[in-house]
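The values are calculated or read from the model by the stated rules, or taken from the named source; none is laboratory data. As the structure is a prediction and not an experimental result, all values here were calculated from the model. Don't worry about glycine lacking a Cβ; one is built from the backbone with ideal geometry, like all the others, and counts go over all protein chains shown. In case anyone asks, the SASA skips ligands and DNA or RNA and just uses the protein heavy atoms, side chains included. Shrake-Rupley method; radii C 1.70, N 1.55, O 1.52, S 1.80 Å.
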Number of protein chains: 2
Amino acid sequence: MSDDHVPDDHPRHDSLVTRHRIEDGVERGITSKQGLIAEGRGEAFDYLLGEETIPSADDAERVAAALLLRARHPVLSVNGNVAALVPDDIVDLAAATGADIEVNLFGRTEERMRAIADYLEEHGAEDVKGLTGDGRIPGLSHDRGTVDADGIGDADVVLVPLEDGDRAEALGEMGKTEIVVDLNPLSRSAQVAAVPIIDNIIRAVPNITRHARDLADADDAELAAVIEGFDREAALDAAEARIREGATRREDD
Amino acid sequence: MSDDHVPDDHPRHDSLVTRHRIEDGVERGITSKQGLIAEGRGEAFDYLLGEETIPSADDAERVAAALLLRARHPVLSVNGNVAALVPDDIVDLAAATGADIEVNLFGRTEERMRAIADYLEEHGAEDVKGLTGDGRIPGLSHDRGTVDADGIGDADVVLVPLEDGDRAEALGEMGKTEIVVDLNPLSRSAQVAAVPIIDNIIRAVPNITRHARDLADADDAELAAVIEGFDREAALDAAEARIREGATRREDD
């Protein structure tokens, strides 16, 4: 992998790894121009957050794990940047929680759908959904709202990392419990999610998996207690506060 | 121009115009992958700033105008994103201040250098410098440090919008008075600049031109007074404060 040479203790490790993987994604045809711009937005917010998983995000990641474990039908929605950034971690999370993986693009083309599904399969994913496209998210235009009927269409809990605001809102209105990963606590996606995770996806996804493994033997009451204890407003406020504090604290770029 | 259809009163006007122009720049071969990521970082900081020129930035833009007018040899350094975003405005600013325009790329290739020079010339620029490459910025590797000897090499005042931190630092060490436009007040470029302008380049460059026209008849003592009154630390602090306040104030994305 092209990021193997970034030393673990490099002060901008996550930012450099992320950037290398996204650029590699462009070469593979799975990251779009919009994806590159989104990467830059994420870099800026992660920079202000201090490029680390803050405690409220770690809490949210544990809640996400509990929700996925407890779901009737959990689905992990994967777009171009998610596939480029965390292909192995998504496969691990699906295995740890019994979730389906579905490719779902804001700018849907069959070519990119196929490239992303192939890339995930190279990383060990099985039965990647999304290519059938026989389901719909109400209230969105055709290419934005297309899903698999037996995938996101049937899911009760969906993890939608790096999701567009319109679609995050529409999925919520379908009654699905939505877990969003987004570095901007004020983004509409984060604001409408049942569980907003304000963290870099390259830290968030493996950490949800760690929590899922830790909770693997928990009974339903324990999982319910983890979920009940979560305060989404407090999590959003904590991330905002950290962005403000971070802006005074950091002095390098 | 592809952004003509963004209404002036759209709440995300600057962000949408910027994005359209940058994507157009990719089609023309003048914006790189790094340029798209940088655009995203800028979007995030501009979002937190409130997508407007804050008073301290307007002050810095007036100081920049005075410095350019008073310079022996002012040069405007233009990279791919600057050319894509503000080609007309750079030409206007050069005319208003008697500055040279020099193409200067972090990732220098003859093809991109030529494409950018051609694009600026289409927008009315004359004698675009940068292609000779017979000068050097000490302390940088060859492709990073190449400039024209009779351009940036000879300049006493340089406007380097969206500059890389290493190069901003090296130019400052050459004794040049450096005006930087950067949306991140904590970036190294902003931190090392004599005049850091924390503003979106699509607002900053035309506003420097307005100030230059306003100051066109000022005598040297008046220009010196404008420059003397500038407090770079206060300008950086004001931008940081606005980013923090912005993070609490805005609720849409």
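For beta carbons closer than 7 Å, sequence separation of 6+ or different chains, a first residue in segment A:158-179 that is within 14 Å of another protein chain (Cβ to nearest Cβ) and part of a loop (DSSP other than H, G, I, E, B) and a second that is open to solvent by 50 Å² or more (accessible area, probe 1.4 Å) and among the aromatic types (Phe, Trp, Tyr), the qualifying pairs are A:ASP164/A:PHE106. Look at segment B:45-74: where a residue is within 23 Å of A:SER187 (Cα to Cα) and of a type in the set (A, V, I, L, M) and a partner is open to solvent by 20 Å² or more (accessible area, probe 1.4 Å) and part of a helix (DSSP H, G or I), sitting 6+ places away or on another chain with Cβ atoms under 8 Å, you get B:LEU48/B:ARG242; B:LEU49/B:ARG242; B:ILE54/B:ALA238; B:ILE54/B:ARG242.
Within segment B:199-222, the residues that satisfy the criterion of being of a type outside the set (Ser, Thr, Tyr) and either surrounded by 19 or more Cβ atoms within 10 Å (Cβ to Cβ) or in contact with a Ser or Thr (Cβ under 7 Å, 6 or more places away or on another chain) (or both) are B:ASP199, B:ASN200, B:ILE201, B:ILE202, B:ARG203, B:ALA204, B:VAL205, B:ASN207, B:ILE208, B:HIS211, B:ALA212, B:LEU215.
Got a number for residues in segment A:165-182 being farther than 20 Å from A:ASP231 by Cα, out of contact with any Ser or Thr (no Cβ under 7 Å at 6 or more places or on another chain) and open to solvent by less than 60 Å² (accessible area, probe 1.4 Å)? Looking only at that region, the number is 3. Please go through segment A:18-36 and pick out each residue that is surrounded by fewer than 24 Cβ atoms within 10 Å (Cβ to Cβ) and at negative phi. A:ARG19, A:HIS20, A:ARG21, A:GLU23, A:ASP24, A:VAL26, A:GLU27, A:ARG28, A:SER32, A:LYS33, A:GLN34, listed by residue number. Residues in segment B:40-69 that are open to solvent by 10 Å² or more (accessible area, probe 1.4 Å) and of a type in the set (Asp, Glu): B:GLU43, B:GLU51, B:GLU52, B:ASP58, B:ASP59. Picking from residues in segment B:26-55 that are assigned to a helix (DSSP H, G or I), more than 30 Å from B:ARG114 (Cα to Cα) and over 16 Å from the mean Cα position of the chain (by Cα), the one that is farthest from the other protein chains (Cβ to nearest Cβ) is B:PRO55. Filtered by the rule that a residue be over 16 Å from the mean Cα position of the chain (by Cα) and in contact (Cβ under 8 Å) with a residue 60 or more places away in the chain, segment A:9-25 gives A:PRO11, A:VAL17, A:ASP24, A:GLY25. Can you confirm whether B:ARG72 is outside any helix (DSSP H, G or I), of a type in the set (D, E, K, R), open to solvent by 10 Å² or more (accessible area, probe 1.4 Å) and modelled with pLDDT of 95 or more? The answer is yes for B:ARG72.
Residues that are part of a loop (DSSP other than H, G, I, E, B) and either touching an Asp or Glu at 6+ places or on another chain (Cβ under 6 Å) or closer than 18 Å to A:THR97 by Cβ (or both) are absent from segment A:134-141. Applying the criterion of being open to solvent by less than 10 Å² (accessible area, probe 1.4 Å) and away from every other protein chain (no Cβ under 14 Å) to the residues of segment A:183-198, the residue that is nearest to A:VAL226 (Cα to Cα) is A:VAL195.
When segment B:94-132 is filtered for residues that are crowded, with 20+ Cβ neighbours inside 10 Å and assigned to a loop (DSSP other than H, G, I, E, B), the ones remaining, listed by number, are B:ALA99, B:ASN104, B:LEU105, B:ALA125, B:VAL128, B:GLY130.
Residues of segment B:130-145 include none that is over 15 Å from the mean Cα position of the chain (by Cα) and within 14 Å of chain A (Cβ to nearest Cβ). In segment B:183-209, the residues that are touching a residue at least 24 places away in the same chain (Cβ under 8 Å) and outside any helix (DSSP H, G or I) form Cβ pairs under 8 Å with partners that are open to solvent by less than 10 Å² (accessible area, probe 1.4 Å) and among the charged types (D, E, K, R), at six or more places apart or across chains, as follows: B:LEU183/B:ASP46; B:LEU183/B:ASP199; B:ALA193/B:GLU178; B:ALA194/B:GLU178; B:VAL195/B:GLU178; B:ILE197/B:GLU61; B:ASP199/B:GLU61; B:ASN200/B:ASP46.
Of all the listed residues (B:ASP166, B:ASP182), the sole one being of a type in the set (Asp, Glu) and out of contact with any strand residue (DSSP E or B) (no Cβ under 9 Å at 6 or more places or on another chain) is B:ASP166.
B:VAL147 fulfils the conditions (1) modelled with pLDDT under 90; (2) buried (at least 17 other Cβ atoms within 10 Å of the Cβ) except for a single criterion, (1). Listed by first and then second residue, the pairs linking a residue in segment A:227-244 that is under 21 Å from B:GLU245 (Cα atoms) and more than 14 Å from chain B (Cβ to nearest Cβ) to a residue that is at pLDDT 90 or above and in a helix (DSSP H, G or I), with Cβ atoms under 6 Å apart and 6 or more places separating them unless they lie on different chains, are A:ALA235/A:SER56; A:ALA235/A:ALA60. Considering B:ASP182, B:ASP143, the condition of being under 26 Å from A:GLU43 (Cα atoms), charged (D, E, K, R) and touching a Lys or Arg at 6+ places or on another chain (Cβ under 7 Å) is satisfied by B:ASP143 alone.
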